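What follows is a set of notes on a single structure, which appears directly below.
Each value in this text was obtained by applying a stated rule to the coordinates, not by laboratory testing. Everything numeric here is computed off the predicted structure, so don't read it as measured data. Heads up, the Cβs are rebuilt from the backbone with ideal geometry, glycines too, and the neighbour counts pull from every protein chain shown.
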């Protein structure tokens, strides 16, 4: 089964070549970071987390969102997701693989990362997050491999996988909850310290992940590789629509609490994001763009007619992913640091090497994703021939 | 010797298990037995400091404190403010005591210089979040400690500290430490490497020898700076800090957060 | 079945060109695995043990020389943890002597020429030594 990943068309190898180039560029920059230190990034004493931790946060969401196909298929026996489920698991595997890598490249002493396991600390959310993520990775690898192998052989999956599948559902929710807890338990950062952060993370995850799956499914069909079926895509679109509306609602709730109470600490963060503070407004254009796209996409997704048009749906999905990436991958993490506890407003912009390392980690994820999907597609093609 | 060997085997075993990416729980279980059970009971003693803002208004007093600290701990002088390492430094009153100022506070008060340092909190958020126990509250005397050998540089403590008391080594600090004419560092306190977080340690290396922190000693050495900083044990009813706290109106930074700072300010 | 293709039991087909890759793979693996040995054979470098500068005023370290040679890293790690984390700064040696736990104080007071002691052996065995990255000793001591 695995050999399929090492045999393919010219197009397949070009794609792998592109991802490998990204990895190479990232590796070169990372070796520079190892020798010079994190000084080569745009982070500072005041904004001490940046794009690495933001990507980590975004990708935990993508990983968790696999539950949106796993749950209907296995718990409610929703047959239409039959061909989709393995794609969801593959996406989860590659996303959850990138998460620890983004943490690793963010560490000042990456060679000491095993200290997290050697000196386990129950009171640290970082410890629980590492455990949950590793557990989720193992679960998805085992579940994905066994169920797909069973499907390939034309039989039912072994009985022992079923409890693991059921377990993967709460674990999926837990990875993103604990990731939100990383932020929401800090009294030093009023912008993050909100009980709705975890629900909000989950809502945006359940919009962005399925959107990615829709795009992947449409691409695979376009390449005439295989078709997950129109019903599956439409159901995913409905999930995206609901999740997006809930996400916007949660964000609105945040806005209300901050702006209506008018408490300086809470208002400042939103002011910084959308207007800028003390002339620092790098985020503002992004946040306005993100929010506008989010609202437009949500409104259009609600209308069945628009959703039903697959070409239009694809555009909406791109919009959903972009808006959530701006929100999670840029806005939320950086804004937590502004203003600093000592009232300083320090801007943060990722540097070129920082972006290169980020691209490199994405390269690893995309390489794994491409190879996993290649295996799936090859095996499915073979089955159709037989 | 026996102890060393036991420790070695335990660590080696845990490391081997920990390296197996899929077996974190086992690796963890091994080390829990000895280390995961640390308790955070109330320290029997608690070092504390009282800062007299009025006496610290003179530039030479504050400069002497900062300079003494920098020299005592081989703190680098990095010109880029984004990468500056600070253990004790000056901030404006309005930023240190945000809740104590309003629209009609005199300009001179808003701008008044205030010395700030790690508060060695009763319930330190940095300790709560640290994933490796590289920072912890010492039970014997309440100092919030840092283990530079243990720190992985995740900077979670910096996100958690409500006082901005922690600095990360974004680059190798050693080239920024001012050496004397003989090319030697100002003190024999270990320097730090790139990639770890550091902060004020209440001069544990000096308290151990029965000396007051370097900043306290330096302030007392400047004429007019006597008593600008007072250091002592809160558990000792006769200590100078207790006497001041009893007789004078003092405040702490961001009291409402509940971290329980142990640096008090006379305003 | 297309000519030139070998059927492989239960696994679909495998083309002839695979053989080439398999052989290349095996060759690469062998080179990687055997590299250290080959390198050792080809590089006729000095394999005599490094000459260490030993203090002349003491016959023995805080523990037996044999133990120190084999376990100094374990001992130092324990010293590090007990001193930094537990605040214990005294060590009782096997012979019952009480010794101050201090890298720059105790160790370096004898092994002051660390470049001719620590570094030589560590260079020889290619083990990175990180203590001196942070712990400072007066120059030329």
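The spread of Cα positions in chain A, taken along each principal axis and listed from longest to shortest, comes to 68, 51, 41 Å.
Can you give the mean number of other chain Cβ atoms that lie within 10 Å of the Cβ atoms in peptide B:131-142? List each step's numbers first, then the result.
Working: counts 15, 13, 7, 6, 0, 2, 0, 3, 1, 2, 1, 0.
Mean partner shielding for this stretch: 4.
Under the definition of partner shielding as Cβ atoms of other protein chains within 10 Å of a residue Cβ, what is the mean value for peptide A:4-10? Can you show the working numbers first?
Values: counts 1, 0, 2, 5, 0, 0, 0.
Taking the mean over all residues of the peptide, I get 1.
Look at the stretch C:85-94: the mean tally of other chain Cβ atoms within 10 Å of its residues' Cβ atoms is 2. The value for region A:1-155 of Rg(Cα) / (2.2 N^0.38 Å) is 1.25.
When a/c reaches 1.5 or more, the comparison of a/b and b/c decides; with that in mind, is region C:24-77 rounded, prolate or oblate per its Cα gyration tensor?
oblate
Seen against the Cα atoms of chain A and their longest principal axis, helix A:197-222 is set at about 40 degrees. A Förster distance of 45 Å, applied to the separation of the beta-carbon atoms of residue A:349 and residue B:45, puts the FRET efficiency at 0.45. Axis angle, to the nearest 10 degrees, between helix A:284-302 and the longest C-alpha principal axis of chain A: 40 degrees. A crude spin-label estimate for the pair residue C:48 and residue A:305, with each label 7 Å from Cα along the Cβ direction, gives 9.3 nm. Each peptide in A:242-252, A:86-96, B:92-102 gets a packing score, the mean of other Cβ atoms within 10 Å over its residues, and the list from highest to lowest is A:86-96, A:242-252, B:92-102. Among rounded, prolate and oblate, which fits the protein assembly as shown when a ≥ b ≥ c are the square roots of the eigenvalues of its C-alpha gyration tensor, a/c under 1.5 means rounded, and a/b larger than b/c means prolate? Oblate, because a/c is 1.5 or more while a/b does not exceed b/c. Here, region C:77-134 has an Rg and a Dmax of 13.0, 34 Å when only alpha carbons are counted. Helix-only arithmetic for chain A: the sum of -39500 (n - 2.57) across DSSP H runs with n ≥ 4, divided by the residue total, places the mean residue ellipticity at 222 nm at -23500 deg cm²/dmol.
In this rough spin-label picture, where each label sits 7 Å from Cα along the Cβ direction, the residue C:81-residue A:104 distance is 2.5 nm. With R₀ set to 41 Å, the beta-carbon distance separating residue C:116 from residue C:32 gives a calculated FRET efficiency near 0.70.
If you take the square roots of the eigenvalues of the alpha-carbon gyration tensor of region A:234-386 and sort them as a ≥ b ≥ c, do you get rounded (a/c under 1.5), prolate (a/b over b/c) or oblate? Verdict is oblate for region A:234-386.
Considering only alpha-carbon pairs that sit under 8 angstrom and 6 or more positions apart, the relative contact order computed for chain A is 31 percent. Note: relative contact order over region C:77-134, using C-alpha pairs below 8 Å and six or more positions apart, is 17 percent. Between residue C:39 and residue C:124, the simple label model (points 7 Å from Cα in the Cβ direction) yields a spacing of 1.9 nm.
Kindly express, to the nearest 10 degrees and within the range 0 to 90, the angle between helix A:352-385's C-alpha long axis and the longest C-alpha principal axis of chain A. Helix A:352-385 sits at roughly 20 degrees to that axis.
Once you reduce region A:168-239 and region A:89-121 to the center of their Cα atoms, the two points are 20 Å from each other.
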